[in-house]
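Enquirer: Got a structure for you, written out below as structure tokens; questions coming shortly.
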Amino acid sequence: MQIDDLLKRYDGFVFDLDGTLVDSMPLHLAGWEHAAAIYGFHYDKTWFYNLGGVPSRKIAKLVADTQKVSIDIDAVTKTKSDYYQTVIMQATAFPVMKELVADLAQHRPLAIGTGSTRANAEIVLTSSGLAPYFRVITSADDVVHHKPNPDTFLLSAAKIDAKPSRCLVFEDTEIGLQAAQKAQMDCVFIRDGQPDWDTFTPGN
């Protein structure tokens, strides 16, 4: 695949944040492990990682529903979120992704489409040095139906005045890929902080 030729097809690019642009997933996972130890639910690293892009409160509810445990959803969410706040400044940009973003931003508008809150996304983007490259942020605060629903990516495309079919999404979870496909947007999977171009998935 000629990557430069591929990228020229698009009018804009939409990036997930955690695990895609920044190495923050271990910090989120540590928060869930911390909450699990306190509230007594089962912590499965892979299960929680695969829910990257889903807001914390919805994940807490999924824990209750799937594990059939009685937990205080709001308390679990707060415990996890409070822990994450203590480590959020440790989130760093993946070098390859930062280089890609810097290059693409010279030619096309870029958007963030994340399941994080706007406040957290802004902190991470600023502390990692990525903030100057992004025109808009679509966060968990901006949509009702989160990933794997397409709303986050559709709103991101609208904010940069690009048709969904003319946007390329970068994602690191299956849920994110599903959201891109439902939005009829092409997608490239990110593995270990690098684009796996062989996973290019047409959205329609």
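Enquirer: Could you please find all residues in segment 175-204 being exposed (fewer than 15 other Cβ atoms within 10 Å of the Cβ) and out of contact with any strand residue (DSSP E or B) (no Cβ under 6 Å at 6 or more places or on another chain)?
Expert: From segment 175-204, those exposed (fewer than 15 other Cβ atoms within 10 Å of the Cβ) are 191-192, 194, 196-199, 201-202, 204; that's our starting set.
Matches in segment 175-204: ARG191, ASP192, GLN194, TRP197, ASP198, ASN204.
Enquirer: Also, I was wondering about something else. Within segment 189-204, can you find the residues that are outside any loop (DSSP other than H, G, I, E, B) and farther than 14 Å from LEU17 by Cα?
Expert: Residues of segment 189-204 outside any loop (DSSP other than H, G, I, E, B): 189-191, 194-201.
Selection gives ASP196, TRP197, ASP198, THR199, PHE200, THR201.
Enquirer: Looking only at segment 83-93, which residues are under 13 Å from SER128 (Cα atoms), open to solvent by 30 Å² or more (accessible area, probe 1.4 Å) and not polar (S, T, N, Q)?
Expert: Answer for segment 83-93, where residues must be under 13 Å from SER128 (Cα atoms), open to solvent by 30 Å² or more (accessible area, probe 1.4 Å) and not polar (S, T, N, Q): just MET89.
Enquirer: Can you tell me which residues in segment 68-80 are open to solvent by 40 Å² or more (accessible area, probe 1.4 Å) and of a type outside the set (D, E, K, R)? Steps first, please.
Expert: Residues of segment 68-80 open to solvent by 40 Å² or more (accessible area, probe 1.4 Å): 68-70, 72, 74, 78.
Hits for segment 68-80 are VAL69, SER70.
Enquirer: So which residues in segment 155-178 are within 14 Å of the chain's Cα centre (by Cα) and charged (D, E, K, R)?
Expert: Once the filter is applied, which keeps residues that are within 14 Å of the chain's Cα centre (by Cα) and charged (D, E, K, R), segment 155-178 yields GLU171, ASP172, GLU174.
Enquirer: Tell me the residue from VAL101, VAL96 that is surrounded by 14 or more Cβ atoms within 10 Å (Cβ to Cβ) and under 21 Å from the mean Cα position of the chain (by Cα), please.
Expert: None of the other options fit; the residue is VAL101.
Enquirer: Can you name every one of the helices (runs of 4 or more DSSP H) wholly within segment 42-119 that holds 3 or more residues which are of a type in the set (S, T, N, Q)?
Expert: Qualifying helices (runs of 4 or more DSSP H): 56-67, 73-87.
Enquirer: Let me ask you something else. Might you let me know whether segment 58-67 holds any residue that is more than 23 Å from GLN178 (Cβ to Cβ), open to solvent by 70 Å² or more (accessible area, probe 1.4 Å) and acidic (Asp, Glu)?
Expert: The answer is no; no qualifying residue exists.
Enquirer: OK, next. What residue, among those in segment 30-57 that are more than 30 Å from ARG108 (Cα to Cα) and among the small types (Gly, Ala, Ser), is most open to solvent (accessible area, probe 1.4 Å)?
Expert: Per the criteria, the residue is ALA37.
Enquirer: Could you list, in sequence order, all residues of segment 1-29 that are open to solvent by 30 Å² or more (accessible area, probe 1.4 Å) and either over 21 Å from THR126 (Cα atoms) or touching a Ser or Thr at 6+ places or on another chain (Cβ under 8 Å) (or both)?
Expert: Answer for segment 1-29, where residues must be open to solvent by 30 Å² or more (accessible area, probe 1.4 Å) and either over 21 Å from THR126 (Cα atoms) or touching a Ser or Thr at 6+ places or on another chain (Cβ under 8 Å) (or both): MET1, GLN2, ILE3, ASP4, ASP5, LYS8, ARG9, ASP11, ASP23.
Enquirer: Cβ-Cβ below 6 Å, separation at least six or inter-chain, first residue in segment 178-204 and of a type in the set (D, E, K, R), second assigned to a loop (DSSP other than H, G, I, E, B): which pairs?
Expert: Correct list of pairs: LYS182/PRO150; ASP186/PRO202; ASP186/GLY203.
Enquirer: Which residues, counting only those in segment 76-106, are over 19 Å from ASP141 (Cα atoms) and without any contact (Cβ under 8 Å) to a residue 24 or more places away in the chain?
Expert: Matches in segment 76-106: THR86, GLU99, ASP103, GLN106.
Enquirer: Sticking with this structure for a sec: Is it true that some residue in segment 126-146 is of a type in the set (Gly, Ala, Ser), within 17 Å of PRO26 (Cα to Cα), buried (at least 19 other Cβ atoms within 10 Å of the Cβ) and modelled with pLDDT of 95 or more? First the steps, then the outcome.
Expert: Within segment 126-146, the first condition is being of a type in the set (Gly, Ala, Ser), and the residues that meet it are 127-129, 131, 139-140.
With the extra rule that they be within 17 Å of PRO26 (Cα to Cα), the set shrinks to 127-128.
Still in the running and buried (at least 19 other Cβ atoms within 10 Å of the Cβ): 128.
Next cut, modelled with pLDDT of 95 or more only: 128.
Looking for residues that are of a type in the set (Gly, Ala, Ser), within 17 Å of PRO26 (Cα to Cα), buried (at least 19 other Cβ atoms within 10 Å of the Cβ) and modelled with pLDDT of 95 or more, one finds at least one in segment 126-146, hence yes.
Enquirer: What about THR152, is it under 14 Å from the mean Cα position of the chain (by Cα) and not hydrophobic (A, V, I, L, M, F, W, C)?
Expert: yes
Enquirer: Just to be sure I understand, how many residues within segment 54-93 are out of contact with any Asp or Glu (no Cβ under 6 Å at 6 or more places or on another chain) and either within 21 Å of GLY113 (Cβ to Cβ) or basic (Lys, Arg) (or both)?
Expert: Number satisfying all stated conditions: 16.
The values are calculated or read from the model by the stated rules, or taken from the named source; none is laboratory data. From a predicted model like this one, the values you see are computed outputs, not experimental measurements. Cβ sites come from the backbone with ideal geometry, for glycine too, and all protein chains shown count toward neighbours. In case anyone asks, the SASA skips ligands and DNA or RNA and just uses the protein heavy atoms, side chains included. Shrake-Rupley method; radii C 1.70, N 1.55, O 1.52, S 1.80 Å.
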